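The values are calculated or read from the model by the stated rules, or taken from the named source; none is laboratory data. Since this is a predicted model, take the numbers as computed values, not measurements. All Cβ positions, glycine included, derive from the backbone under ideal geometry; neighbour counts span all protein chains shown.
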């Protein structure tokens, strides 16, 4: 083996590695007690970072009137309580996951990515509970080859209990430890061919066409720069017109001004252009005809939403996109869904029901704030240079923030007294600053379990690079005469 640990192992070496790794299955690390009990300030900081508005998590008066009788912690905070935070880490020599990762690194499997996360919340966590987490390795896969390279999937389970030894929940986290795939001669040839092909494209085709600005349309383009959607309005009869005209077609007046649109709209019709593909566009994309709340229609792009989720009649909101440093265009995306203040009942929901889409702008504030609130101080979530060293163009979201947003999304739809009881998702593309994630969900199953109404939802969060998270979640809803 080379000093970098990247030479190929023999079949015997691979077998021996798997034997050593699997000897760790079932072994448990030192129980890690939370530095603080479940407490209101930490809950409030987490809610502020995630944007969680459920008063049962922060308002004692509202919580006292709820079925829980007191403030409870957001379920997605389960894994937060026992994390050490921003203090020097003291390695646990008995931790089986750390020992497994050391064996893998020594064998050359030094790349690591999260693959799956599964959390179970059997009951609400209340203020004052002192949690302890105990980690064990529960599964080691055979060697697998993926697009990243060849490696091993390692699954660790953390079991949480309180100071009375009562179960508080579980967190199963699966990671892929791999040797990066080496580029073949064919890979290099394809990369060079693509580079040469891009070099042949005229520069003017790498940007969207410039608008032809005239006296009659200048107000519209000036509005775009000011991030206002200006619609021409007749001073004589009040008629709105788009595209702009030189004379009102209704009353004939030349007295033409404009009105700033509210930004609310519905999708009237749409199409997905496929061919010919232009180098200045990112595919797939949607061209939509939207009906503004003011009454006129507007041709634009529908963004921040997978094309297969676009539907006629969907509520939309205005967003301005800088397509390049010199041009800003008005586009539309799914409207922000309102938070339900009344709790949905089990009898009211049906299998197949779709939740409203929720586009989430991935900002530096969200990524860094979420990482701090979840006690994750890995530099890749705080320092741009560290994220770039990891191969990304900017900071990216941590798993616990993604989980928190999914939990908030479901809770905002179901109402304050509904409770997320589990999340099982596969991790995909990173949520990088500057992108937008669109959350979607639908009810896949419903049944009464131990007298409680339980629904299972298919959950998905996608961004411009693909699916960030995809999986299922379970929730308890009030059922029958129960609150």
>> So, in segment 348-367, how many residues would count as being touching a helix residue (DSSP H, G or I) at 6+ places or on another chain (Cβ under 7 Å) and not in a loop (DSSP other than H, G, I, E, B)?
In response: 3
> Within segment 368-423, restricting attention to residues that are part of a loop (DSSP other than H, G, I, E, B) and free of Cβ contacts under 8 Å to residues at least 12 places away in the same chain, which residue is nearest to residue 87 (Cα to Cα)?
Replying inline: 390
> Counting just the residues of segment 141-167 that are assigned to a strand (DSSP E or B) and over 24 Å from residue 469 (Cβ atoms), which one comes out nearest to the chain's Cα centre (by Cα)?
Replying inline: 150
>> Which residue is surrounded by the fewest Cβ atoms within 10 Å (Cβ to Cβ), if the candidates are limited to segment 78-119 and must be over 24 Å from residue 148 (Cβ atoms) and at pLDDT 90 or above?
In response: 83
> Within segment 63-97, can you find the residues that are in contact (Cβ under 8 Å) with a residue 60 or more places away in the chain and not in a loop (DSSP other than H, G, I, E, B)?
Replying inline: 75, 76, 77, 96, 97
> Would segment 1-9 turn up any residue that is assigned to a loop (DSSP other than H, G, I, E, B) and modelled with pLDDT of 95 or more?
Replying inline: no
> Can you pull out the residues in segment 298-310 that are part of a strand (DSSP E or B) and more than 16 Å from residue 264 (Cβ to Cβ)?
Replying inline: 299, 301
> Out of all the residues in segment 45-61, is one or more in the same structural domain as residue 130 (by the TED database), within 24 Å of residue 167 (Cβ to Cβ), in a strand (DSSP E or B) and without any contact (Cβ under 8 Å) to a residue 60 or more places away in the chain?
Replying inline: no
>> If the requirement is being more than 33 Å from the chain's Cα centre (by Cα) and surrounded by 14 or more Cβ atoms within 10 Å (Cβ to Cβ), which of these qualifies: 240, 229?
In response: 240
> Which numbered condition trips up residue 388, out of (1) in contact with a strand residue (DSSP E or B) (Cβ under 6 Å, 6 or more places away or on another chain); (2) more than 25 Å from residue 153 (Cβ to Cβ)?
Replying inline: (1)
> Looking at (1) outside the structural domain of residue 411 (by the TED database); (2) under 30 Å from residue 51 (Cβ atoms); (3) surrounded by 12 or more Cβ atoms within 10 Å (Cβ to Cβ), which is the only condition residue 308 fails?
Replying inline: (3)
>> Please pick out the residue among 473, 444 that is in the same structural domain as residue 353 (by the TED database), in contact (Cβ under 8 Å) with a residue 12 or more places away in the chain and surrounded by 21 or more Cβ atoms within 10 Å (Cβ to Cβ).
In response: 473
>> On the basis of being modelled with pLDDT under 95 and in a loop (DSSP other than H, G, I, E, B), does residue 313 make the cut?
In response: no
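Could we say that residue 434 is touching a residue at least 60 places away in the same chain (Cβ under 8 Å) and not in a strand (DSSP E or B) here? Give the steps one after another, and end with the answer.
Numbers: touching a residue at least 60 places away in the same chain (Cβ under 8 Å): yes; not in a strand (DSSP E or B): yes.
Yes.
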> Does residue 342 fit the bill of being under 19 Å from the mean Cα position of the chain (by Cα), exposed (fewer than 14 other Cβ atoms within 10 Å of the Cβ) and assigned to a loop (DSSP other than H, G, I, E, B)?
Replying inline: no
